[in-house]
Amino acid sequence: MPPTSTTGFDPVLAAARPTFDEAAVLGIAAGTFGQAAAAARDLGSERDQTFMLLDAASRPLAVMKLSNAAEDPATLDMEALAVLHARRVDPTLPLAVPRRVPGVDGDASDPATFRAAVTRPDGVHHARLYDVLPGRGRSDPMDLSDAALVAWGETTARLGRALRGFFHPSAQRTMLWDVQHAALTRPMVRSIGDPGQRALVERALDRFDEVVTPAWPSLRAQVVHGDLTTDNALVDEAGRITGIVDFGDMSHSALVTELASVLDSLLDDRGPHDLFRTARLVLDGYQRVTPLEPLELRLMGELLAARAAVTIAISSWRAERGLEEAAFAVRYNDKVARTIATLLDMGWDEVARRMGAQVAPRPAERSTLAARRAATMGPALEPLTYDDPLLLASAQGVWMTDADGRRYLDAYNNVPCVGHGHPRVTEAIARQSRQLNTNLRYLHETAIDLAERLIATMPAGSGLDTVFYVNSGSEANDLAWRLATTVTGATGGLCTAHAYHGISAAIAPLSPESWRADEAPATVATWAPDDDAGVSNALQALAARGIRPAAAILDGVLTSDGYPDVTPDRAGTWLADARAAGALWIADEVQGGHGRTGGWMWSFQRLGLVPDIVTIGKPMGNGHPVGAVITRREVAQAFADETVFFSTFGGNPVSAAAAIAVLDVIRDERVMERTAAAGTALRAAIAELATPGGPIVGVRGHGLAIGVEVTDGPTATRIKEGLRDRGVLIGTCGRDGTVLKIRPPLAFTTAEVPVLGDALAATLATLRPAGQLR
């Protein structure tokens with residue numbers, strides 16, 4: 001192996017190109033490879049020589065490459081083995097494969113049989129012969145159509161996948177075109193003649209050192225081609241790659257270095273708008289094959305700038321040393337300098353956003369975002385929760401992180417049922433969305449599997465055997481109401497006194513939490529959760545108006561009513577009274593379902609009820625918009641006799657995959673057992689903080705559906721704000737807002753109980769007179 005250069009990088013970059021003339025090339029082609037040719041045309045190359053062999057009519061016959069004398073033969077063998085490996089993995093990749101040298105000993109797996117040594121006074125060169133691939137070389141990237149740009153991205157990703165399982169010791173090389181070694185080009189910067197370009201390069205390298213270098217060990221790494229550019233690819237008339245012709249810059253590096261070289265080649269000479277639009281098209285194509293990780297996408301701008309900086313530095317240095325013809329060496333420098341300038345002018349966060357990365361909001365944006373929210377979403381939207389609004393950036397499990405980097409224990413959000421960002425759910429969504437998303441006019445197994453599994457969770461003998469799919473809890477309750485009114489022919493509804501069941505025109509009347517004091521609908525009667533005869537009294541109120549009841553609807557944990565305790569006997573009386581009046585019973589499980597009460601999958605099971613219709617939503621997809629209605633076949637049939645139901649997105653494969661993943665997690669993580677234990681421990685910890693005359697009046701609930709009643713609404717608000725200041729998020733509920741609403745994701749465990757308990761104790765201490773401190 002040739003000795004490593006004292007400059008610390010692969011010596012081939014510091015060596016002059018070979019100087020074979022046409023006669024010598026034709027002699028090697030005929031004498032070594034048995035390829036007769038009439039002429040040889042130099043195709044130009046950075047550090048090797050590449051010739052097109054032509055017949056007497058100037059038609060291409062083959063391509064010959066003559067290596068630099070400083071090139072390690074093991075590196076050439078790596079190139080041959082890599083091409084052969086990639087062709088086996090993806091036979092349709094348009095790769096330039098070397099021909100075997102005729103008459104050379106060695107089996108087909110010996111890479112040395114693809115090269116022939118040629119000794120000259122300046123050293124040993126190696127000749128390789130390739131078939132001619134279709135297409136034209138050195139295409140102008142500005143001529144590429146949008147479809148071609150996407151195709152370039154796809155081919156880049158396919159090449160990366162084809163090389164994924166390949167390794168060779170020679171790949172552990174310090175090749176300066178590989179941006180991981182960008183810092184080694186700093187001594188070359190002095191060779192850049194243009195002061196403006198020199199300053200741009202230095203700024204790009206500074207940013208690389210500051211941001212990319214620390215993150216480099218976290219990036220996916222493998223052997224990469226390293227230089228898939230318009231110089232090293234042939235394209236057809238549509239601009240799609242028909243030949244990948246040079247593996248001379250291969251190294252073991254981060255996978256995304258390949259994209260950096262592609263973008264460096266395709267984006268030069270584009271204005272800011274077209275630069276990012278073009279980049280996104282290439283990235284779209286790449287991610288059709290290989291999705292990028294968040295960090296890879298976040299650093300794409302810096303990688304592109306570093307590759308452009310390396311291009312300018314290396315070419316200027318080689319031109320200054322006379323290693324290449326100067327005009328040829330620096331031919332791209334003005335263009336890539338404009339790329340660097342565009343990125344620097346845009347700002348790195350904005351560059352990342354325009355590349356498609358998620359960028360955490362800055363704390364300073366809080367007031368601006370609040371104003372934009374008010375301006376665009378209007379006055380009817382429920383106000384922000386806190387006096388000083390939270391600006392959240394990320395979440396995992398039961399923890400949420402704001403733009404300042406502060407973590408909060410989430411004891412409020414029931415929508416991410418099995419925890420924020422649960423990998424089982426997020427991967428199910430991503431995997432299915434890449435494969436297929438359609439509707440229930442076509443067969444797909446996912447929605448059927450989900451329906452079967454949901455039915456299996458219903459009580460034995462309940463007859464709840466038919467599933468309708470929708471997209472939210474409101475839609476589920478809206479459909480349940482349509483079923484009830486269709487089956488019964490009645491128009492009256494019953495709900496608890498401060499319930500919330502949704503936002504549709506049909507369901508808002510059954511959501512008294514959202515009523516104005518003077519707008520109780522005539523067709524709805526409410527009942528008090530603490531009254532055994534509540535449903536009977538509500539039925540009498542409807543009857544007095546001449547209205548027959550279609551349905552009674554109940555959230556099994558009575559969240560909006562403040563989590564009042566309801567016994568199975570009382571609930572049974574309500575159900576019997578409703579059914580005796582001809583009403584169907586709707587169990588709204590959007591709040592209490594999916595194991596929230598701990599000992600039961602559905603909150604109606606805790607109450608011993610067997611409903612006619614079950615509605616589920618929010619937690620069903622862990623935040624992905626999906627909902628369902630489960631009912632008896634005779635109810636569904638009566639509805640079918642009147643109409644046909646269809647929801648475009650209801651039951652789509654992606655939503656169904658999310659919902660199945662949630663059910664899997666509940667089973668595999670034994671979520672209900674965990675919820676029961678955590679809920680018991682949390683209620684006990686809160687109860688210990690109650691003192692005579694203190695703010696806490698009582699603790700209620702089951703599992704992780706917990707209500708803490710306090711003396712008055714303003715006190716509840718002060719506690720909620722105090723907990724937020726101490727890193728815990730809760731809500732309030734009840735008619736007068738006197739109940740602290742605690743309903744964390746079901747990833748909450750006994751380990752989080754002291755966190756919430758200590759924060760609550762510290763908050764309560766600020767509310768008590770000094771004599772009441774414990």
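Here are the numbers for this structure:
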item: Residues (of a type in the set (G, A, S) and open to solvent by 10 Å² or more (accessible area, probe 1.4 Å)) located in segment 48-80; result: A56, A57, S58, A69, A70, A74
item: Count - residues of segment 92-144 that are over 25 Å from L26 (Cβ atoms), at pLDDT 95 or above and in a loop (DSSP other than H, G, I, E, B); result: 3
item: Per-region count, segment 698-721, residues open to solvent by 10 Å² or more (accessible area, probe 1.4 Å) and within 17 Å of A761 (Cα to Cα); result: 9
item: Candidates D561, D532, filtered to the one that is acidic (D, E) and either outside any loop (DSSP other than H, G, I, E, B) or out of contact with any strand residue (DSSP E or B) (no Cβ under 7 Å at 6 or more places or on another chain) (or both); result: D532
item: Pick from segment 722-734, criterion in contact with a helix residue (DSSP H, G or I) (Cβ under 7 Å, 6 or more places away or on another chain) and over 22 Å from G595 (Cα atoms), ranking: most open to solvent (accessible area, probe 1.4 Å); result: R726
item: Test: V83 is modelled with pLDDT of 95 or more, open to solvent by 30 Å² or more (accessible area, probe 1.4 Å) and under 43 Å from the mean Cα position of the chain (by Cα); result: no
item: Residues (exposed (fewer than 12 other Cβ atoms within 10 Å of the Cβ) and among the aliphatic types (A, V, I, L, M)) located in segment 95-125; result: A108
item: Pair list, Cβ under 9 Å, 6 or more apart: segment 48-66 residue within 19 Å of L323 (Cβ to Cβ), other residue open to solvent by 30 Å² or more (accessible area, probe 1.4 Å) and part of a strand (DSSP E or B); result: Q49/D42; T50/D42
item: Breaking point among (1) open to solvent by less than 50 Å² (accessible area, probe 1.4 Å); (2) assigned to a loop (DSSP other than H, G, I, E, B); (3) in contact (Cβ under 8 Å) with a residue 60 or more places away in the chain; (4) under 17 Å from D588 (Cβ atoms), for S504; result: (3)
item: All positions within segment 183-224 that are within 19 Å of D268 (Cβ to Cβ) and open to solvent by less than 30 Å² (accessible area, probe 1.4 Å); result: T185, I192, Q197, V201, A204, L205, F208
item: Residues satisfying the stated conditions in segment 629-661, i.e. of a type in the set (A, V, I, L, M), outside any helix (DSSP H, G or I) and touching a residue at least 24 places away in the same chain (Cβ under 8 Å); result: V629, I630
item: Qualifying residue in segment 232-253 (condition: within 30 Å of Q435 (Cβ to Cβ), open to solvent by less than 60 Å² (accessible area, probe 1.4 Å) and among the charged types (D, E, K, R)); result: yes
item: Identity of the residue in segment 552-605, closer than 23 Å to V699 by Cβ and of a type in the set (S, T, Y), that ends up farthest from the chain's Cα centre (by Cα); result: T567
item: Residue, nearest to Y286 (Cα to Cα), within segment 419-437, restricted to residues that are under 12 Å from the mean Cα position of the chain (by Cα) and of a type in the set (A, V, I, L, M, F, W, C); result: A430
item: Matching entry among D269, D274 (being modelled with pLDDT under 95, under 16 Å from L144 (Cβ atoms) and assigned to a helix (DSSP H, G or I)); result: D274
item: Flag for M672 being modelled with pLDDT of 95 or more, open to solvent by 10 Å² or more (accessible area, probe 1.4 Å), assigned to a loop (DSSP other than H, G, I, E, B) and not hydroxyl-bearing (S, T, Y); result: no
item: Condition met for G405 (touching a strand residue (DSSP E or B) at 6+ places or on another chain (Cβ under 9 Å), at positive phi and crowded, with 16+ Cβ neighbours inside 10 Å); result: no
item: Residues of segment 346-360 satisfying the condition of being on the phi < 0 side of the Ramachandran plot and either out of contact with any Asp or Glu (no Cβ under 8 Å at 6 or more places or on another chain) or crowded, with 19+ Cβ neighbours inside 10 Å (or both); result: M346, D349, E350, V351, A352, R353, R354, M355, A357, Q358, A360
item: Set Y332, Y286: member being under 20 Å from L13 (Cα atoms), in contact (Cβ under 8 Å) with a residue 24 or more places away in the chain and of a type in the set (F, W, Y); result: Y332
item: Yes/no for A279 being surrounded by 24 or more Cβ atoms within 10 Å (Cβ to Cβ) and of a type outside the set (V, I, T); result: yes
item: Residue in segment 721-729 that is touching a residue at least 12 places away in the same chain (Cβ under 8 Å), of a type in the set (G, A, S) and more than 18 Å from E513 (Cα to Cα) present; result: yes
item: Qualifying positions in segment 444-471 - of a type in the set (S, T, N, Q) and in a helix (DSSP H, G or I); result: T446, T457
item: Number of the condition not met by W574 [criteria: (1) crowded, with 21+ Cβ neighbours inside 10 Å; (2) of a type outside the set (G, A, S); (3) in a loop (DSSP other than H, G, I, E, B)]; result: (3)
item: Pairs where the first residue, in segment 104-119, is within 20 Å of Q35 (Cβ to Cβ) and the second is aromatic (F, W, Y), C-beta under 9 Å, 6+ apart; result: V104/F114; A116/F33; V118/F20
item: Tally, over segment 322-344, of residues that are within 26 Å of A16 (Cβ to Cβ) and in contact with a Gly (Cβ under 7 Å, 6 or more places away or on another chain); result: 1
item: Of all residues making up segment 187-200, the number that are within 21 Å of R47 (Cβ to Cβ) and either in contact with a helix residue (DSSP H, G or I) (Cβ under 6 Å, 6 or more places away or on another chain) or among the acidic types (D, E) (or both); result: 4
item: Single unsatisfied condition, T485 versus (1) surrounded by 17 or more Cβ atoms within 10 Å (Cβ to Cβ); (2) part of a loop (DSSP other than H, G, I, E, B); result: (2)
item: Meets criteria (surrounded by fewer than 23 Cβ atoms within 10 Å (Cβ to Cβ), over 18 Å from E350 (Cα atoms) and over 16 Å from the mean Cα position of the chain (by Cα)) for D284; result: no
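The rows are residues; the columns are (1) of a type in the set (A, V, I, L, M, F, W, C); (2) modelled with pLDDT under 90.
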residue: M377; (1), (2): yes, no
residue: D388; (1), (2): no, yes
residue: V415; (1), (2): yes, no
residue: T426; (1), (2): no, no
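The values are calculated or read from the model by the stated rules, or taken from the named source; none is laboratory data. In this text the structure is predicted, and so the values were computed from the model without any measurement. All Cβ positions, glycine included, derive from the backbone under ideal geometry; neighbour counts span all protein chains shown. The area values use the complete protein model at the heavy-atom level, side chains included, leaving out ligands, DNA and RNA. Shrake-Rupley method; radii C 1.70, N 1.55, O 1.52, S 1.80 Å.
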